[in-house]
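A short write-up of the structure that comes next.
The values are calculated or read from the model by the stated rules, or taken from the named source; none is laboratory data. Computed from a prediction, not measured in an experiment: that's the story for all the values here. Here the Cβ is made from the backbone with ideal geometry for all residues, glycine too, and neighbour counts use every protein chain on show.
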């Protein structure tokens, strides 16, 4: 399966207008990357600038895309819903503007039962916009398609 052919909506529990990733660009057991183009009609954009809190949501949805890929294409089951359990050491160096392309990468630091700890980085071009550690907790139920 080529990642560029996957409809991101199939991997995420979120729905429009709250989708913060456009495409899954890389996946392996330890690392996942997504791409997102900042658009003027985004809920988090005001006066052409995206709010910093949207970067945390973009990181979380990259985690969701990873989980969705694992569930759908590896485990062959419906996607699971996850929740942000904690955000630690978040540093935002700049907020993206309309038209910027965000490249978000998460690296799994540790996974124990239904908790996953990741290190996340959001970049636009060569500029790092934000970094953080996130703890993602999985809900016990599987979302129906």
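The set of residues in segment 132-141 that are within 15 Å of residue 55 (Cα to Cα) and either buried (at least 18 other Cβ atoms within 10 Å of the Cβ) or in contact with a helix residue (DSSP H, G or I) (Cβ under 6 Å, 6 or more places away or on another chain) (or both) comprises 132, 134. Only residues that are part of a strand (DSSP E or B) and farther than 20 Å from residue 42 by Cβ were counted in segment 122-131, giving 2. Taken over segment 32-55, the residue count meeting the criterion of being closer than 23 Å to residue 4 by Cα and either at pLDDT below 95 or out of contact with any helix residue (DSSP H, G or I) (no Cβ under 9 Å at 6 or more places or on another chain) (or both) is 4. The sole residue among 35, 77, 66 that is in contact with a strand residue (DSSP E or B) (Cβ under 7 Å, 6 or more places away or on another chain) and assigned to a loop (DSSP other than H, G, I, E, B) is 77. Among the conditions (1) touching a helix residue (DSSP H, G or I) at 6+ places or on another chain (Cβ under 7 Å); (2) closer than 26 Å to residue 2 by Cα, residue 58 misses just one, which is (1).
Restricting segment 97-115 to residues that are at pLDDT below 95 and part of a strand (DSSP E or B) leaves a set whose member that is surrounded by the fewest Cβ atoms within 10 Å (Cβ to Cβ) is 112.
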